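Report on the structure given below.
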Amino acid sequence: MAQDHPKAARLLPALLALCLAVPGSSAAAHPGDPEAQYELARRYSSGAGVPMDKGQAFKLYAASAAQGFAKAEYELANHYRGRTGRALDLDAASGYLERSARHGYAPAQADLGFVYFNGNGRTPKDLVRSFHWFKRAADGGAVIAQCMVADFYRQGLGGAERNAREAFKWYRLTATRADRCAAKSQYELYASYASGSGVRKDLPTAMAWLKRAAKADNPQAQRALGLAYENGVGVERNPVLARTWLKKSREGVAPHDDHEHDHAHEDEAKPGRVPVPGHAH
């Protein structure tokens, strides 16, 4: 078993030591291995193998974070963002999120990218910093950040050079991943293949990606597919399927958004026109 799980075997002695040391005493008094402290904190947080104890979990996360362990810093950031329902201190949350990101934790880097992308009462919107953190997170494997990096390259945002080929690369990487942004990337691949942006124009491949995005419940793709069936563009004209997909595209649109939804896609109604993808992350 030690050969199959070398990391678990390495942490086991430290975890056992902490299990013996923690009850009835402060985690800060047992600095130990910050990774082991983090793992034990997770156990206390969920009650996995030990009695559930959120207070003890917090102490262990704090002890681990005090030694610069990025995952523990991220847990504290989420705690102070109110995600545990027990605290709300946005200054502390921001500090721990920044520390975790700087220590290389991709989920924290992605979150920080969104903080700078959207801005808030404490942090002004800054697309240059947003791209910096999204790119670091994307390089570290965070799928949602990879989707955002693709958008930055497609639109030339945050100091990123507008580069259709680079955008296509990131959309292609994320289109088959198990993430909420995959359907958006599938739609972007449709647009790329349909217009020849960043890749050789290929209408059959474009329509295959459009159908995949529509089936994944992307309203933008559903509307585009409905209009394609209505006009016979890339597919055989089929009024029944056109009505089906156009109706389905409205199911995820709130009534007050209908007007915007219609005008955002006026160009799609014209045969042979490829819609300009919108930013939907």
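Values for this structure:
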{"read-out": "Scan of the range 194-211 for residues that are in a loop (DSSP other than H, G, I, E, B) and over 17 Å from Asp151 (Cβ atoms), ordered by number", "value": "Gly196, Arg200, Lys201, Asp202"}
{"read-out": "Any hit, the range 201-218, residues being within 27 Å of Phe134 (Cβ to Cβ), modelled with pLDDT of 95 or more and either basic (Lys, Arg) or over 27 Å from the mean Cα position of the chain (by Cα) (or both)", "value": "yes"}
{"read-out": "Residue check for Asp139: open to solvent by 50 Å² or more (accessible area, probe 1.4 Å), under 18 Å from the mean Cα position of the chain (by Cα) and under 28 Å from Lys71 (Cβ atoms)", "value": "yes"}
{"read-out": "Residue match in the range 250-269 (condition: open to solvent by 50 Å² or more (accessible area, probe 1.4 Å), in contact with a helix residue (DSSP H, G or I) (Cβ under 9 Å, 6 or more places away or on another chain) and modelled with pLDDT of 95 or more)", "value": "no"}
{"read-out": "Any chance Arg102 is at pLDDT 95 or above and of a type in the set (D, E, K, R)", "value": "yes"}
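The values are calculated or read from the model by the stated rules, or taken from the named source; none is laboratory data. Worth saying up front: this structure is predicted, and the values here are computed from it rather than measured. With ideal geometry, Cβ positions are generated from the backbone for all residues, glycine too; neighbour counts draw on all protein chains shown. Areas reflect the complete protein model, heavy atoms only, side chains present, ligands, DNA and RNA absent. Shrake-Rupley method; radii C 1.70, N 1.55, O 1.52, S 1.80 Å.
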